[in-house]
Amino acid sequence: MAVRRIHHLDCATFRPYGRRFVDGDGGLVATGTIVTHCLLVETDTRLVLVDSGFGTADLADPKRRLGTIFILSGRPVLDPEQTALRQVARLGYRPEDVADVLLTHLDVDHAGGLADFPGATVHVFETEHRAAMAGDGRFGGSRYRPFHWGHGPRWALHRPEGEPWFGFECARNLDRELSDFVLVSLPGHTLGHAGVAVRRSDAWLLHAGDSYMDQRMLDPQRPRCPTGLAIFQWGVAADRAARWKTLERLRALASRHAAEVRLFPAHDAREFNRLRGD
């Protein structure tokens, strides 16, 4: 099995107020831009979706399925054309062509599209699945929304016990047809947060999810992050010490293995546009 092509999809754009605190430039009352970077990977044998953004059912009933607090604070665009389902269709595929969904975590903006691909196997770390099924009251119910797995997905639960990936604990051999994919343990934002590594012909591509929010945070000389994003990351982290350790390790990975691994986070609009243009 070989990766043939990778499509970069924004499956949920947010327009929060306070651009200077979100994007790092612009006015205080201007709106910033946050994307939800997903991947559609074409292999020799199947389609694989990495994260799923919002689903069509979320956009039909956003207050109930996403939560009022989430909508008011993040100001999502809620455009049905951004759903993974619609974007997969525009690329000429059917929902049933997506055989697997690999998730960085089960937050509302990453797992919302699962129900649009009911036949897919959903891969996630066992720790993350356990936390989501138990619920998390610290965030007013806005982190995990049972609506998103109410259709009864076929779960494939993994543990980070394979041969380390660039020193990171990970799960390999997810499926015999997924030999070019690795779930990398990146805990902190959530307890079972993962990165999804995809092996290309020239280098690895690591979708780091919400383990960091802005690519400038990996700058080895002057790491930085807009104030609003820094506060947000600190506030929603399930394990702040683990999140900080993960960030330091990712920064080292980016510095020492730049030719072998290309990292990106889920919500950086600039990085999304750069990768989509490659």
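Every number here is computed from the coordinates shown, using simple stated rules; none is lab data. The model shown is predicted, which means the values in this text are computed figures rather than measured ones. Ideal geometry is used to build each Cβ from the backbone, glycine not excepted, and the neighbour counts take in all protein chains shown.
Rank these for me by crowding, Glu169, Glu260, going from fewest to most other beta carbons within 10 Å.
Starting with the residue having the fewest Cβ neighbours, the order is Glu260, Glu169.
Using the crude model of +1 on Lys and Arg Cβ and -1 on Asp and Glu Cβ, and no other charge, please compute the dipole size for the chain relative to its Cα centre, in debye to 20.
Dipole about the Cα centre, nearest 20: 640 debye.
Using the per-residue mean of other Cβ atoms lying within 10 Å as a proxy for protection, in what order, highest first, do the peptides 58-65, 187-194, 125-132 fall?
Result, highest mean Cβ count within 10 Å first: 187-194, 125-132, 58-65.
At a 10 Å Cβ-Cβ cut-off, how would you order Ser179, Ser142, fewest neighbours first?
Fewest-to-most ranking of Ser179, Ser142: Ser179, Ser142.
Would you mind telling me the antiparallel percentage of the DSSP bridges in the chain, rounded to 5?
Antiparallel bridges make up about 65 percent of those DSSP assigns within the chain.
Going by how many other Cβ atoms sit within 10 Å of their own, how do Thr246, Thr56 line up, fewest first?
If I rank by nearby Cβ atoms, fewest first, I get Thr56, Thr246.
What nm distance separates the two modelled labels at Arg224 and Glu81, each placed 7 Å from Cα along Cα→Cβ?
Taking the simple label geometry, Arg224 and Glu81 are separated by 3.5 nm.
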